[in-house]
Amino acid sequence: TPVEQELNEVDWKLALSEKTEKLSQHLSAFSNYQGGGFLVFGIDNGKLIGINKEQTTDIIKKLGNIARQNLEPLIVIKHSVLKFKDIPLLFVAICESEEKPVHLRRGSIYDSYIRSAGQTRKMTKQEVARCISQANHKYEDELALINLSTKEVLNKLNFSAYFDLLHKDLPDGNKAILDVLEADGIIKSENNYYHVTNLG
């Protein structure tokens with residue numbers, strides 16, 4: 001049976017297109033997609049064709065150049081050749097970017113792309129704004145309590161239970177306790193005061 005074509009996280013291809021602009025858009029879209037995605041080479045209209053070593057080398061080189069030169073911020077690409085029904089296919093994984101949206105370098109932040117209904121399309125301005133909001137402000141990093149003294153923050157948090165759950169010895173002294181809690185994202189310090197995050 002033919003391979004299913006309409007998937008947001010996978011794009012099947014026989015070979016590498018000469019259309020650098022279109023490939024840049026695909027890489028942008030997968031980098032902006034939750035969990036990232038895959039380009040799989042060696043499939044033509046759902047039929048397994050396969051790929052050779054020379055094609056693989058050429059594809060990886062060109063995609064690497066496009067990722068470095070055409071996109072901002074830089075993205076992470078991994079690849080592997082795997083056999084399916086004894087036919088070699090090139091799987092190129094485009095990792096979800098920590099910094100979003102990934103956009104075309106020659107344009108603005110609004111030249112960002114996303115996967116939708118198995119296709120790559122340009123983001124709307126609202127989607128770009130939402131992408132920025134979600135990437136830069138994770139719920140667990142937002143502040144639940146602000147401007148607490150050392151005594152107040154230690155009274156608010158059941159830190160001894162926290163260290164017990166982690167099977168860690170309780171640090172010696174308040175400063176050492178607070179340093180560990182801050183390193184773990186439980187609290188944030190600012191101008192001699194402490195803020196408790198939603199994670200805390």
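The values are calculated or read from the model by the stated rules, or taken from the named source; none is laboratory data. Source: prediction; values computed, not measured. FYI the Cβ positions are ideal-geometry reconstructions off the backbone, even for glycines, and counts take in every protein chain you see. All accessible areas refer to the heavy atoms of the entire protein, side chains included, with ligands and DNA or RNA removed. Shrake-Rupley method; radii C 1.70, N 1.55, O 1.52, S 1.80 Å.
Between residue 58 and residue 85, the modelled label-to-label distance comes to 2.5 nm, taking each label 7 Å out from Cα in the direction of the beta carbon.
Once the convex hull of all Cα atoms in region 113-177 is built, its volume per residue stands at 160 Å³.
Which of the GluC sites (Glu not before Pro) found in region 1-101 are in a DSSP loop and have at most 15 neighbouring Cβ atoms, other than their own, within 10 Å? Mind dumping the intermediate values first?
Numbers: sites: 4, 6, 9, 18, 21, 54, 96, 98, 99; in loops: 4, 6, 9, 18, 96, 98, 99.
Those that pass, being in a loop and sparsely packed, are 4, 6, 9, 18, 98, 99.
Placing R0 at 30 angstrom, the Cβ-Cβ distance between residue 96 and residue 161 gives a FRET efficiency of 0.35 after rounding to 0.05. Shown here for region 50-101: trypsin sites (Lys or Arg not before Pro) in loop regions (DSSP other than H, G, I, E, B) with at most 15 other Cβ atoms within 10 Å, namely 85. Against the main long axis of the alpha-carbon atoms of the chain, helix 125-136 sits at an angle near 50°. If the viscosity is 0.890 mPa s and the temperature 25 °C, what Stokes-Einstein diffusion coefficient in µm²/s follows for region 79-121 when Rh is the Kirkwood radius over Cα pairs? The estimated diffusion coefficient comes to 188 µm²/s. Looking at region 125-200, the GluC sites (Glu not before Pro) that sit in a DSSP loop and have at most 15 other Cβ atoms within 10 Å of their own Cβ are 142. The angle between the Cα long axis of helix 174-183 and the longest principal axis of the Cα atoms of the chain comes to about 20 degrees, rounded to the nearest 10.
When Rg and Dmax are taken over the Cα atoms of region 5-97, they come to 12.5, 37 Å. Build a GNM of the chain with springs between Cα atoms under 10 Å apart, and of 180, 40, 76 the one that fluctuates most is 180.
Solvent exposure of residue 124, expressed as accessible area, is near 60 Å², computed with a probe of 1.4 Å over the protein chains only. Contact order, relative form, for the chain: 20 percent (alpha carbon pairs under 8 Å, 6 or more residues apart, mean separation divided by residue count).
Solvent-accessible area of the chain (1.4 angstrom probe, protein heavy atoms only): carbon and sulfur portion equals 50 percent. Between region 166-181 and region 11-78, how many Å separate their Cα centres? When both Cα centres are located, 46 Å separates them.
Taking the Cα centre of region 1-130 as origin and assigning +1 to Lys and Arg Cβ atoms and -1 to Asp and Glu Cβ atoms, the resulting dipole is close to 200 debye. Remark: region 117-200 carries 69 Å² of accessible area per residue (probe radius 1.4 Å; ligands, DNA and RNA excluded).
Taking the inverse of the average 1/r across all pairs of different Cα atoms in region 67-175, what Kirkwood radius in Å do you get?
On the way: mean 1/r = 0.0533 Å⁻¹.
Answer for region 67-175: a Kirkwood hydrodynamic radius of 18.8 Å.
For region 41-141, relative contact order (Cα pairs under 8 Å, six or more residues apart, normalised by length) works out to 20 percent.
Solvent-accessible surface of protein heavy atoms, probed at 1.4 angstrom with all chains present, puts 97, 189 in the order 189, 97, largest first. Taking all protein chains as they are arranged and a probe of 1.4 Å, the heavy atoms of residue 113 leave approximately 20 Å² accessible to solvent. Note on the chain: along the principal axes its Cα atoms extend 67, 39, 29 Å, ordered by decreasing extent. Solvent exposure of residue 38, expressed as accessible area, is near 90 Å², computed with a probe of 1.4 Å over the protein chains only.
Quick check on my link table: of 78/168; 13/100; 100/151, which ones sit more than 29 Å apart, alpha carbon to alpha carbon? Don't skip to the answer; put the middle values down first.
Details: 78/168 36 Å; 13/100 26 Å; 100/151 38 Å.
With Cα atoms farther than 29 Å apart: 78/168; 100/151.
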